[in-house]
1. When the residues of the range 17-26 are filtered to those that are aliphatic (A, V, I, L, M) and at pLDDT 85 or above, which remaining residue is nearest to Gly63 (Cα to Cα)?
2. State all residues of the range 47-65 that are closer than 14 Å to Met1 by Cβ and loosely packed, with under 15 Cβ neighbours inside 10 Å; if no residue qualifies, say none.
3. Name the residues in the range 1-26 that are outside any loop (DSSP other than H, G, I, E, B) and touching a Lys or Arg at 6+ places or on another chain (Cβ under 7 Å), would you?
4. For the range 27-83, name all the residues that are outside any loop (DSSP other than H, G, I, E, B) and at pLDDT below 90.
Amino acid sequence: MKEALKAELKARGLQSRIRANSAGCLDACESGAAMVVYPEGVWYGGVTPADVPEIVERHLVGGEPVERLVIREFAGAKFTKVS
């Protein structure tokens, strides 16, 4: 997933403005592969590499979340750094 996202960002010339990070468990395992877009805090679940171009085009470029993939129960959730 991360490689698909990085490739899509690079193809669109967005790699200097948008960063693709990987993380361990996001506590959303029941939703399949998960992705979070910050600063909005939009959580996507059940994401496949085939969904990445749509997420980039509609959400990252167009500002409109891909509703069919949004995990509603995590809406607006933020991570808190624990020391």
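1. Ile18
2. Thr48, Pro49, Ala50, Glu54
3. Hits for the range 1-26: nothing passes.
4. The answer is Cys29, Glu30, Ser31, Arg72, Glu73, Phe74.
The values are calculated or read from the model by the stated rules, or taken from the named source; none is laboratory data. Quick caveat, the model's predicted, so the values are computed rather than measured. Methodologically, a virtual Cβ is constructed for each residue, glycine included, from the backbone with ideal geometry; neighbour enumeration extends over all protein chains shown.
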